[in-house]
Amino acid sequence: MINVTIDGQKLQVPEGTTILNAAKMAHIKIPTLCYSEELSIYGGCRICVVEVENERLLQPSCAVAVKEGMVVKTHTPKVREVRKTIFELMIASHDLGCKLNCLTCSRGDNCDLQRLAQELGIREIRLNALDKNMSNDYSSYSIVREPNKCISCHRCVRRCEEIQGIGIFTKANRGPAAVITTFKNKGMGNLECVNCGQCIHACPTGALHEVYHYENVWDALHDPTKHVVVQTAPAVRVALAEAFGEKPGRIFTEQMVAALKRLGFDKVFDTDFSADLTIMEEGTELLGRIQNGGTLPMLTSCSPGWIKFIEHFYPEFLDNISSCKSPQQMLGALVKSYYAEKNNIPKEDIVVVSIMPCTAKKYEARRPEMTGDVDYALTTRELAMMIKEVGIDVLNLEGEDYDKLMGSSSGAAVIFGATGGVMEAALRTVYEILTGEELPGIDFTPVRGIEGIKEAEVKVGDLTLKAAVAHGLSNVRRLMNMIRDGKEYHFIEMMACPGGCIGGGGQPIPTDMEVVKKRMEAIYESDLAHGYRKSHENPEVQQLYDEYLGKPGSHKAHKLLHTHYTPRGL
Amino acid sequence: MGETLFLKRKVSEDYSHYDFPILKKVIKMRREDVIAEIKASGLKGRGGAGFPTGLKWELALKEPGDEKYIICNADEGEPGTFKDRFLLENTPLQVMEGIIIAGYAIGANKGYIYIRGEYAKAINIFQDAINHAKEEKLIGDSILDSDFSFDLQLVKGGGAYVCGDETSLINSIEGNRGISRITPPYPIQNGLYGKPSVVNNVETLTAAAEILAQGGKTYANLGTDKSKGTKLVCLSGDVKEPGVYEVEFGAMTLREIIDEFGKGTTGELKFVIPGGVSTAILTDDQLDIPYTYEDIANVGSGLGSGAVVVVSEGHDLLELLQNVSRFFMDETCGTCFPCREGNRRVYHLLKEAVNKGGFTSDDMKLIKDIGKTIYLAARCGLGQTSMCFIGSVLEKYTDELLARR
Amino acid sequence: MNDGRMMEKLHNIQTTYGYIPENEIEKLADEYAMSKTKVYGVISFYSMFHTEPTGKYLIRICNSLSCHLNRSDDVVTGVQEYLGVESGETTEDKKYTLEIVECLGHCGEGPVMMVNDKIYTHVSKAAALKILKECM
Ligand SMILES: Cc1cc2nc3c(=O)[nH]c(=O)nc-3n(C[C@H](O)[C@H](O)[C@H](O)COP(=O)(O)O)c2cc1C
Ligand code: SF4
Ligand code: FES
């Protein structure tokens, strides 16, 4: 243990503790900007500087470990002045006339710079703004980058590289020309960006945000010739309330449905329904592959970030991916066929909107092989904006139920939202179909939790089914390499975002591991509260097969619910 | 008083058959004894920071692990500095001998010399010298029949002043952006490819070799108590005979250096930058001090890399400020906010001042505040020293600058 | 890869093509197990590497302090006018790329100018134009 004195308080901390963390232990929060607990130390913004006795210069507390006997002062006049000047310099290069742009900025209500300004007691900016005059990157279907707002904190660079293992961004150039950009400034949409949106969660400013589609949805809602159907993904219901000031972990399903009805959607369906359907199709596919010597391991297909990832980085494994469309696309396809036919609505008049925790879903909806299934994919944040715009007091709203036909779901479907959920849902069904018995211990805990890669073996009759789960693309990459090196599995669940969809790039800000854990608890709580816990018990799914599709894996099911993939270079 | 020639050789002499006599002697010595000799000489790093060389070597030798590196810093890029190029072009084999000796002393079997990419001539000469040494088996396995093997690789810089900073230089050799690393850990513990590494300046290593030839005592007898030995001074700017001169510490004043070696100024002297653009200026009345680390520090500046730039009357002060400011703005690696944004902002404030026809006291205060912030909070030496020149000019010529309006 | 040869390879490619083309960046990325984005980040850090083609003659003029004191501004404006380009630009005929650079380490002999690898010292405006005209 090391003895330190921080602002006059003596304490002992473990060796290697940074000044920043030691101060936290002394209940002092040193302001930070480029620092992020989940990322490597960058030491660039220097907002966290402190005075250390006998040191000529100020020390960056995020990067310097305490030494025996160190005496630290966190808010001397020198420190306060330097922090303020750094802040002024930074703001002046943040965007031309930040004063005005805060009003139109995507992060107007949760900007780290605004927060920092308050923490530092900034009351005046003596420097006029420097216009960096860079153009916005609109090349992606999912994400917009506004480089003039970028302050070069490297949080997105590090998140993309360290957590997602991709590295779409780099600092380019040097000196005043130094900028965060993509390969030769080609734009995110023209490169191996998988649209996961984790960079948005990293960014302290509005330099990164989703491509907004809520205006298009407003247009559809106000177009009397359109029949607008909405679906909501499992992970949205455990996060949406945060956008209205609630603590993470509140299950908000019925209020959300009620709000959607007030917004004017003609039908509110549940993507959980098609999650159950996915299990039927995917489970059947898996059994088929195992029994007929098909390509194994079979890889799940519901995370569009992961799909684009494998298309870029492991195209040789495309045959391993389940041919099932994702639940979003399945539901969209069924609305425009099953639902349309049943209700005699011309499919051209139907607009399908989906509310997703995900930015990659926007890209998925635009994939040429599936265009038309879903018209607009909105993020959880965009839905929150729409609700706020209408002024619905959503927190106190009387709850409502999803509409019939594609509104019922099992607990297995809701856990799709968390890492390991698809696997657990599949096991519950596959086990029962194959053995005729219930999975012993229906709560299949080995695949739960935030461990990066989880493995499990389940005896299913004569077969020992080897399963693995990975979330966060750097873990996904590790698992893919294990497979490439010969490790054998039958079934693997891959999710692009840390924590699974609950940690998706379209979720309310902030989304970090602490928040994700809370949402995860809510997901499993919601599973328990469901009447049905297994996908094949979902009565509306059974009805769909009876009335329309025949059986899982049928020709019609294939036509509507399955897809194919495209190898992409780097 | 003339030059004190300790490490500077006569350019006219032919050293092409130089076969490392000093190395031959050193390689029979114990490593500890080699280091003791350097420590006895009192040699300090000539790259600017002035860290005692013997101590650096000793620390590196003591580091555990058998993979270590010696890196010769030949990225010389500070305006006004050209002594390392002088050594590389004229006496490359002496430089190389110094590198190998340092490698031997710290137990490094691999060395790098990082020469700035613009030094095309020096690069060619030095690469030839490496090839020659390899042919003569002065580099390679078991050199000079000892059990010491040593390989030397030349790395060409890419045109970035900040790579002269030792941690940036290491990043650059590794094939990364040449940005500084957070210290500690220092290169001695965790340097190139994570291994203990010593980075030394060209002049330092050349002097070290010569010290081992002539003895640490001989060297320590030159100079003053705190500044031992000699220093290569690069004289440029408004002097009649610019060039590289070897000066015994304490034997001459700054003014004498300018007058005797430089043969005086080309105009009426205004001020002198005693150690390159990252040091504070000295005015006419401050020049009668002995050329030593301590005497220059006493008057608030530093001797840096040894670049003495003389500025006479007749230049536009604002233009000079802008020139130096532009240098730091262009050359910051762009990693830390105070240095990147601060230097950019100062440049813009100076440019505005030119457009407005002068300074206001508000401008001055802003620049001073920013300067203080960069100094106190920047991540590496580039930022920390970037405002020395500008700050000192503002301080010493406040009235002149304000009066322009 | 810990071979310390990235810089050398970049220099070689730069010399061969006059810039560093994309396919070469991709090769380097493979060789060093880095993303091409990262290699691009490295290349763009260094003034001597270019990711777009440069002229046949790369003209560098030092405008740092010692050269400035020796009136390098005259050379800079003279050459800019003659070539009709600003720093960082290439003439339309792709013959010259002009770069106003920081210290070239010949501060005692300023103004200083480089044409590709060759250094010229004590350059006046007239001398600079003559050198340019002699570039064939
Ligand atoms: C911005 C910056 C530029 C530097 N440039 C050089 C240089 O060109 N040559 C050099 O030897 N040291 C330079 N240094 C100092 C090195 O970091 C390091 O201290 C030195 O190479 C150590 O060698 P020495 O102990 O022999 O002086 C520079 C430092 C900074 C911060
Ligand atoms: S885009 Fe955002 S996260 Fe990325 S460096 Fe800029 S400010 Fe930081
Ligand atoms: S200042 Fe021009 S070469 Fe050094």
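Computed values, structure above
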{"read-out": "Qualifying residue in segment A:140-147 (condition: within 12 Å of ligand 2 (Cβ to nearest atom), open to solvent by 10 Å² or more (accessible area, probe 1.4 Å) and touching a Cys at 6+ places or on another chain (Cβ under 8 Å))", "value": "no"}
{"read-out": "Within segment C:74-86, considering residues that are under 27 Å from residue B:317 (Cα atoms) and surrounded by 16 or more Cβ atoms within 10 Å (Cβ to Cβ), the one nearest to the other protein chains (Cβ to nearest Cβ)", "value": "C:76"}
{"read-out": "Within segment B:244-291, considering residues that are hydroxyl-bearing (Ser, Thr, Tyr) and part of a loop (DSSP other than H, G, I, E, B), the one nearest to residue B:233 (Cα to Cα)", "value": "B:291"}
{"read-out": "Contacts under 7 angstrom Cβ, first residue in segment A:264-290 being at positive phi, partner open to solvent by 10 Å² or more (accessible area, probe 1.4 Å) and in a helix (DSSP H, G or I), 6 or more apart", "value": "A:264/A:221"}
{"read-out": "Cβ-Cβ under 6 Å pairs, at least 6 apart or on other chains, segment A:467-492 side more than 21 Å from residue A:198 (Cβ to Cβ), far side at pLDDT 95 or above and of a type in the set (Val, Ile, Thr)", "value": "A:468/A:492"}
{"read-out": "In segment C:15-25, the residues that are open to solvent by less than 70 Å² (accessible area, probe 1.4 Å) and either out of contact with any Gly (no Cβ under 9 Å at 6 or more places or on another chain) or within 13 Å of chain A (Cβ to nearest Cβ) (or both)", "value": "C:19, C:20, C:21, C:22, C:24, C:25"}
{"read-out": "Any hit, segment B:269-276, residues being open to solvent by 10 Å² or more (accessible area, probe 1.4 Å), of a type outside the set (D, E, K, R), over 20 Å from the mean Cα position of the chain (by Cα) and under 24 Å from residue B:387 (Cα atoms)", "value": "yes"}
{"read-out": "Hits in segment B:106-122 - residues which are within 11 Å of chain C (Cβ to nearest Cβ) and either open to solvent by 10 Å² or more (accessible area, probe 1.4 Å) or within 16 Å of ligand 3 (Cβ to nearest atom) (or both)", "value": "B:110, B:115, B:116, B:117, B:118, B:119, B:120, B:121, B:122"}
{"read-out": "From the options A:165, A:108, A:121, residue that is closer than 14 Å to residue A:199 by Cα and away from ligand 1 (no atom under 16 Å from the Cβ)", "value": "A:165"}
{"read-out": "Residue in segment A:492-501 that is outside the structural domain of residue A:38 (by TED's automatic domain parsing), of a type in the set (Val, Ile, Thr) and in contact with a strand residue (DSSP E or B) (Cβ under 9 Å, 6 or more places away or on another chain) present", "value": "yes"}
{"read-out": "Residue C:118 charged (D, E, K, R) and facing chain B (nearest Cβ under 8 Å)", "value": "yes"}
{"read-out": "Options A:499, A:553; residue that is touching a residue at least 24 places away in the same chain (Cβ under 8 Å), in contact with a Gly (Cβ under 9 Å, 6 or more places away or on another chain) and open to solvent by less than 20 Å² (accessible area, probe 1.4 Å)", "value": "A:499"}
{"read-out": "So residue B:204, is it of a type in the set (Val, Ile, Thr) and in contact with a Gly (Cβ under 7 Å, 6 or more places away or on another chain)", "value": "yes"}
{"read-out": "Some residue of segment A:468-480 being closer than 22 Å to residue A:364 by Cβ and touching a Leu at 6+ places or on another chain (Cβ under 8 Å)", "value": "yes"}
{"read-out": "Residue, farthest from residue A:264 (Cα to Cα), within segment A:348-369, restricted to residues that are surrounded by fewer than 18 Cβ atoms within 10 Å (Cβ to Cβ) and in contact (Cβ under 8 Å) with a residue 12 or more places away in the chain", "value": "A:369"}
{"read-out": "Odd one out for residue B:96 among (1) out of contact with any Lys or Arg (no Cβ under 8 Å at 6 or more places or on another chain); (2) open to solvent by 10 Å² or more (accessible area, probe 1.4 Å)", "value": "(2)"}
{"read-out": "Long-range neighbours under 9 Å by Cβ, at least six apart or interchain, first residue more than 9 Å from every other protein chain (Cβ to nearest Cβ) within segment A:144-162, second polar (S, T, N, Q) and near ligand 2 (Cβ under 6 Å from one of its atoms)", "value": "A:146/A:205; A:149/A:205; A:150/A:205"}
{"read-out": "Matching residues in segment A:170-189 - criterion: being of a type outside the set (Gly, Ala, Ser) and either touching a residue at least 40 places away in the same chain (Cβ under 8 Å) or away from chain B (no Cβ under 13 Å) (or both)", "value": "A:179, A:182, A:183, A:184, A:185, A:186, A:188"}
{"read-out": "Residue match in segment C:50-58 (condition: more than 8 Å from chain B (Cβ to nearest Cβ) and part of a helix (DSSP H, G or I))", "value": "no"}
{"read-out": "Among (1) on the phi < 0 side of the Ramachandran plot; (2) within 22 Å of the chain's Cα centre (by Cα); (3) not β-branched (Val, Ile, Thr), the one test that residue A:449 misses", "value": "(1)"}
{"read-out": "Exclusive hit being part of a loop (DSSP other than H, G, I, E, B), in contact with a strand residue (DSSP E or B) (Cβ under 6 Å, 6 or more places away or on another chain) and surrounded by fewer than 24 Cβ atoms within 10 Å (Cβ to Cβ), set B:2, B:50, B:80, B:65", "value": "B:50"}
{"read-out": "Helices (runs of 4 or more DSSP H) contained in segment B:330-405 and holding at least 2 residues touching a helix residue (DSSP H, G or I) at 6+ places or on another chain (Cβ under 7 Å), touching a residue at least 60 places away in the same chain (Cβ under 8 Å) and open to solvent by less than 50 Å² (accessible area, probe 1.4 Å)", "value": "B:381-386, B:388-396"}
{"read-out": "Criterion violated by residue B:40 - all others in (1) in contact with a helix residue (DSSP H, G or I) (Cβ under 6 Å, 6 or more places away or on another chain); (2) open to solvent by less than 30 Å² (accessible area, probe 1.4 Å) satisfied", "value": "(2)"}
{"read-out": "In segment A:273-293, the residues that are surrounded by fewer than 17 Cβ atoms within 10 Å (Cβ to Cβ) and closer than 22 Å to residue A:560 by Cα", "value": "A:288"}
{"read-out": "Which numbered condition residue B:176 fails, given (1) in a helix (DSSP H, G or I); (2) free of Cβ contacts under 8 Å to residues at least 24 places away in the same chain", "value": "(1)"}
{"read-out": "Any chance residue B:90 is open to solvent by 10 Å² or more (accessible area, probe 1.4 Å), away from ligand 3 (no atom under 16 Å from the Cβ) and in contact (Cβ under 8 Å) with a residue 60 or more places away in the chain", "value": "yes"}
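For every residue, the table says whether it meets (1) assigned by TED's automatic domain parsing to the domain that holds residue A:45; (2) surrounded by 19 or more Cβ atoms within 10 Å (Cβ to Cβ); (3) in contact (Cβ under 8 Å) with a residue 12 or more places away in the chain.
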| position | (1), (2), (3) |
| --- | --- |
| A:81 | no, no, no |
| A:90 | no, yes, yes |
| A:94 | no, yes, yes |
| A:138 | no, no, yes |
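The values are calculated or read from the model by the stated rules, or taken from the named source; none is laboratory data. Keep in mind that what you see is a predicted model, and the values were worked out from it rather than measured. In this analysis, Cβ positions are derived from the backbone assuming ideal geometry, glycine residues included, and neighbour counts consider all displayed protein chains. The area values use the complete protein model at the heavy-atom level, side chains included, leaving out ligands, DNA and RNA. Shrake-Rupley method; radii C 1.70, N 1.55, O 1.52, S 1.80 Å.
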